[in-house]
Amino acid sequence: WIIFYFFKSFQYPLPWSECPIVKNGSVAVVETECERSSATTYFWYRETLDISDSISESGGLNWKMTLCLLVAWSLVGLAMIKGIQSSGKVMYFSSLFPYVVLVCFLVRGLLLRGAVDGIMHMFTPKLDKMLDPQVWREAATQVFFALGLGFGGVIAFSSYNKQDNNCHFDATLVSFINFFTSVLATLVVFAVLGFKANIMNEKCVVENAEKILGYLNTNVLSHDLIPPHVNFSHLTAKDYNEMYRVIMTVKEGHFKELGLDACLLEDELNKSVQGTGLAFIAFTEAMTHFPASPFWSVMFFLMLINLGLGSMIGTMSGITTPIIDTFKVRKEVFTVGSCIFAFVVGLIFVQRSGNYFVTMFDDYSATLPLTVVVILENIAVAWIYGTKKFMQELTEMLGFRPYQFYYYTWKYVSPICMAVLMTASIIQLGVSPPGYSAWIREEAAEKFLFYPTWAMAILISLIILASLPLPLVFILRQFHLVSDGSNALSVTNKKGRMMKDISNLEDNDETRFILSKVPSETPSPMPTHRSYLGPGSNSPMEMSSAPNGRYGSGYLLASTPE
């Protein structure tokens with residue numbers, strides 16, 4: 001979608017700035033669907049998605065979106081094919097460029113009329129929303145996505161760090177940058193939404209002022225109801241609101257028949273959009289009012305391409321790195337195969353009903369299973385592996401003991417908070433049946449529809465499939481159907497290629513071995529690279545100890561990726 005909008009931005013005026021004109025015989029008229037909604041909404045739903053009226057109506061493939069999907073996966077494949085060295089260079093650009101664009105947008109946004117109204121609205125708390133568990137579930141999911149928690153991408157990238165890397169500083173820095181970026185992006189969004197709300201409010205005032213003038217000319221309303229200082233040729237929102245209140249008071253019995261709107265700025269600001277609508281409807285509409293709008297549009301969608309590419313590099317690394325290192329498949333072949341497979345599966349999203357499937361996958365395939373994964377990761381480290389043991393390892397790595405605050409957070413606060421959140425989410429899903437917002441062409445408006453039975457079956461399958469590897473792998477390892485790499489640790493002398501198998505270590509000795517504190521052996525110098533080689537791997541490595549035993553996670557130290 002972003003790629004489609006990016007290429008459409010290289011023209012003036014922007015194609016979503018005004019409604020298309022269609023010929024009805026010899027008469028040229030504005031497209032009805034566009035006239036009843038707005039130019040940006042029409043361009044999104046009709047020109048871009050060519051959306052069907054419900055999830056049950058496939059409508060076939062949208063060829064424009066299919067081509068853009070192919071371009072998107074080609075970009076991801078090219079970025080991934082060179083591995084961590086290439087993606088590191090790509091990350092420098094894809095991470096820093098959005099900040100440049102966001103700062104430019106913030107400066108431009110603050111100069112727009114009404115930007116302050118939007119920012120004030122942003123910082124005004126709404127207690128009723130804060131009591132809604134759905135808000136907290138989405139907030140938690142946003143944090144998981146923003147930090148890459150539960151996906152494996154963080155683990156894949158960290159496998160290339162040195163063993164004495166200061167992960168405490170990294171975690172603090174990344175969390176701070178994430179928070180700062182979120183606030184910066186939100187300021188930009190609300191500054192632009194404040195500007196848009198003012199534009200829409202002025203439009204509302206003009207339309208309703210014309211209605212009042214019509215009622216005055218037809219003697220439906222008396223001229224005595226209009227305050228003397230009101231000038232219809234330069235009508236402000238304040239003057240209109242005063243006039244509106246007077247008419248509403250005097251014509252109380254017949255006021256509804258007049259069809260006048262209050263035209264309150266607060267109401268426009270409360271018409272918040274989320275998800276795809278924010279980028280492709282609200283932001284695009286605001287940009288049509290910017291001077292040199294194509295420039296800002298190109299910058300905005302180039303920024304989104306960078307953000308999407310950056311996210312996909314991390315997500316794909318979490319998938320490809322363990323498989324490539326464990327099964328020794330060729331990186332180029334596996335990456336290309338993965339991208340082709342992903343493109344084929346992605347064809348479900350580029351049907352005319354594809355947007356509804358995107359909503360389904362976005363709402364249910366990632367959020368609940370992701371929360372489950374993060375809870376189980378937390379429990380595995382804090383309770384099964386042991387927080388004390390984990391703290392001891394961190395002390396060995398960092399050279400200082402982490403704050404006691406982390407101990408209680410990992411062991412008690414985090415799992416309890418996430419468990420409560422997950423329980424509330426499950427209850428909410430059970431109470432209110434899942435549904436989606438469908439675009440109805442005849443009404444030129446969104447309508448909330450419930451998922452049909454077959455879609456509910458897919459939805460439940462998505463949640464189960466995303467969570468299935470957890471119990472499945474546990475059962476397979478519990479009954480020794482697959483190797484978990486326990487009680488075996490291979491160390492190879494680089495010169496002599498001499499293998500040394502260490503089996504049936506005592507509990508204390510094994511723990512000390514993992515911590516590079518094995519009696520009779522001193523830790524060897526840190527290698528420059530560490531690869532994820534998977535459970536039970538016997539690949540060559542430097543004469544260094546690595547946690548691949550009962551408590552190990554399958555990371556081995558190596559001087560080269562091979």
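Points to keep in mind about this one:
- Accessible surface computed residue by residue for the range 78-349, with neighbouring protein chains in place and a 1.4 Å probe, gives 55 Å² per residue.
- Annotation: lysines with alpha-carbon distance below 28 angstrom to LYS82 (same-chain offsets under eight excluded): LYS162, LYS328, LYS331, LYS494.
- Separation of the range 255-311 from the range 1-61 is 16 Å, based on Cα centroids.
- Ligands, DNA and RNA left out, the accessible area of the range 31-166 computed with a 1.4 Å probe is 68% carbon and sulfur.
- In the range 352-485, a dipole from Cβ-located charges (positive for Lys and Arg, negative for Asp and Glu) runs towards its positive end, and of LEU398, SER432, SER467 it is LEU398 whose Cα lies farthest in that direction.
- Phi-derived couplings, Karplus 6.51 cos²θ - 1.76 cosθ + 1.60 at θ = phi - 60°, listed residue by residue for the range 339-353: 5, 5, 4, 5, 5, 4, 5, x, 4, 5, 8, 10, 6, 5, 9 Hz, with x used for Gly and Pro.
- The relative contact order of the range 352-485, computed from alpha carbon pairs under 8 Å that lie at least 6 residues apart in sequence, is 30 percent.
- Amide hydrogen proximity for ALA445: with H placed 1.01 Å from N in the peptide plane, the residues at 5 or more positions away or on another chain lying under 5 Å are ILE440.
- Inverse of mean 1/r across different Cα pairs in the range 78-349, Kirkwood, Å: 22.9
- Counting only protein heavy atoms and a probe of 1.4 Å, the accessible surface of the range 352-485 is 70% carbon and sulfur.
- Other-chain or far-sequence residues with amide H under 5 Å of GLN351's (modelled H): ASN62
- Relative contact order for the range 78-349, counting Cα pairs under 8 Å that sit 6 or more residues apart, in percent: 35
- Over 31 Å between alpha carbons, listed pairs LYS8/LYS211; LYS23/LYS203; LYS8/LYS126; LYS64/LYS129: LYS8/LYS211; LYS8/LYS126; LYS64/LYS129
- Loop-resident trypsin sites (Lys or Arg not before Pro) (DSSP state other than H, G, I, E or B) in the range 269-370 with no more than 14 further Cβ atoms inside 10 Å of their Cβ: LYS271, LYS328, ARG330.
- Straightening the chain between TYR92 and HIS480 buys 135.3 nm, computed as 0.36 nm per residue apart minus the Cα-Cα spacing.
- Ranking ALA382, VAL350, SER414 by how far each Cα lies toward the positive end of the dipole of the range 343-475 (charges on Cβ) leaves ALA382 at the top.
- For the range 389-418, applying the loop criterion from DSSP together with a ceiling of 14 other beta carbons within 10 Å to the chymotrypsin sites (Phe, Trp or Tyr not before Pro) yields PHE400, TYR403.
- Average accessible surface for the range 365-493: 59 Å² per residue, computed with a 1.4 Å probe over protein heavy atoms with every protein chain in place.
- The distance linking the range 405-473 with the range 117-192 is 20 Å (Cα centroid to Cα centroid, whole angstrom).
- For the range 205-226 versus the range 355-385, the gap between their alpha-carbon centres in whole angstrom: 57
The values are calculated or read from the model by the stated rules, or taken from the named source; none is laboratory data. These numbers were taken from a predicted model, which means no experiment stands behind them. Note that each Cβ is placed from the backbone with ideal geometry, even for glycine, and that neighbours are counted across all protein chains shown. What goes into the accessible areas is simple: the full protein's heavy atoms, side chains included, and nothing from ligands, DNA or RNA. Shrake-Rupley method; radii C 1.70, N 1.55, O 1.52, S 1.80 Å.
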